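Written out below as C-alpha cells is the structure these notes cover.
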Amino acid sequence: MNPINTPTIPVPEAVDRVTRFRDQLINQVPEANIPRAVLIPINDLLAIVEKYSVVDDDGNIRNSLSGVRAYFAVKVTDTDLPDDITALIVPVDLKGNDICTNKVGVKDDGDDSEIYDFTKPCPDQCDPESPLYIP
C-alpha cells in the first residue's frame, strides 16, 4: 500500500480556513445555504477506482486515473432544505482532464455519463462535534 504523501494541517489552521470560507460567503448566501461539508462515501470512490483499473499481463493492477474532482452544485429538491449543496464527482485521467463521458475500454454500466452525484451534504450528514463544524 502506498503511504499518504500529502501533508496534513494542524486543527487550528483547518478551523481558521473553514471559518474564513463561511465568513466570505455570509454576506452573499443565506446562512442556511452555506455548505459546511459534503460526505463522500468511500465505497462509491472505490467503485470509480475499480471501474478504471485493469490487471496487466504480469498481474499488476493498473489504474488510469490521477484522482477525482469535486464540483460544488446546487440541487433543487422538495425536502426541507430547498437548495441542497452537493458535490458532483468526476474521474480525472492521468493528464489531469475530467472524464465526463465513458471512454473506450472502460467497464460500461449502460450510461455514458461519468458525472456522479453520490455525495451527502452537511447539515444532513454532519458531525456537529467536529472542531471544523463552525456554527
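Quick check on segment 111-135: of everything there that is assigned to a loop (DSSP other than H, G, I, E, B) and in contact with a Ser or Thr (Cβ under 7 Å, 6 or more places away or on another chain), which residue is modelled with the lowest pLDDT? Selected residue: ASP112.
Please work out which residue is farthest from the chain's Cα centre (by Cα), limiting yourself to segment 66-110 and to residues that are at pLDDT 65 or above and on the phi > 0 side of the Ramachandran plot. By that ranking, first place goes to GLY96.
For segment 44-72, a residue qualifies if it is polar (S, T, N, Q), under 17 Å from ASP98 (Cα atoms) and free of Cβ contacts under 8 Å to residues at least 24 places away in the same chain, and the qualifying residues are SER53, ASN63. Within the set ARG36, ARG20, the sole residue that is modelled with pLDDT under 90 and of a type in the set (Lys, Arg) turns out to be ARG36. Taking the stated definitions as given, is ARG20 basic (Lys, Arg) and over 17 Å from ILE85 (Cα atoms)? Answer is yes for this residue.
The values are calculated or read from the model by the stated rules, or taken from the named source; none is laboratory data. A quick note: this is a predicted structure, and the numbers were derived from the prediction, not measured. When we count neighbours, we look across all protein chains shown, and the Cβ atoms used for this are built from the backbone with ideal geometry, even at glycine.
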